[in-house]
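In what follows, a single structure is set out as structure tokens and then discussed.
Nothing in this text is a laboratory measurement; each read-out follows from the coordinates by a stated rule. Every value quoted in this text rests on a predicted model; they were computed, and no experiment measured them. Neighbour counts are summed over all protein chains in view; Cβ atoms, including those assigned to glycine, are modelled from backbone coordinates with ideal geometry.
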Amino acid sequence: MQTFGQFIRARRESLRKTDPTYSVRQVAKRMGIQPSYLSKVERGEVSPPSEETTRKLAHELGVDSDMLLAMAGKVSSDLQDVIRKRPVLFGELIRELKEMPDHAVLRLVREVRDGEW
């Protein structure tokens, strides 16, 4: 499994093959961070960035922000708020979901989203 930095670099380099604006310098400039910092993140020399910067990076690279946050070992603040309201219930739910196949989890999500309460 790739580290956070390895994933970022591979994704950016993949995009750069067809679009030269995905250099470290140009991506960093669009994000409002220093190119040297982005380079260090890619090389794993610094910890993954803050939630805000990770979200910007996800947007810039066209990947899901929750996935990228998870790779960084983080959970988005909005999900943390939800879990804090009912920690026991969500802890139990997440532990049950970890063994379920993806199609079953998606079915459950659709049922909750589309159901009437």
Counting every Cα pair in the stretch 1-116, what percent are over 21 Å apart?
48 percent
Partner lysines whose C-alpha sits under 29 Å from that of K85, ignoring same-chain residues fewer than 8 away, are K56, K74, K98
For the chain, what does -39500 (n - 2.57) per DSSP helix run (n ≥ 4), summed and divided by total residues, give at 222 nm, in deg cm²/dmol to the nearest 500?
-20500 deg cm²/dmol
Length added when fully stretched, R95-S23, from 0.36 nm per residue minus Cα-Cα
21.9 nm
I'd like to know which of T18, L68, S50 lies farthest towards the positive end of the charge dipole of the stretch 4-75, counting +1 on Cβ of Lys and Arg and -1 on Cβ of Asp and Glu.
T18
Compute, for the stretch 4-75, the length of the dipole vector about the Cα centre, with Cβ point charges of +1 (Lys, Arg) and -1 (Asp, Glu) only. Units Debye, rounded to 20.
280 debye
On the formula 1/(1 + (r/R0)^6), with r taken between the Cβ atoms of K40 and D66 and R0 of 30 Å, the FRET efficiency rounded to 0.05 is 0.80
Cross-link partners of K29 among aspartates and glutamates (Cα-Cα below 17 Å; sequence separation of 8 or more within a chain):
E13, D19, E42, E52, E60
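Suppose R0 equals 35 Å. What FRET efficiency, 1/(1 + (r/R0)^6) with r the Cβ-Cβ distance, do R16 and D81 give to the nearest 0.05?
Step by step, r from the Cβ atoms, then E = 0.45.
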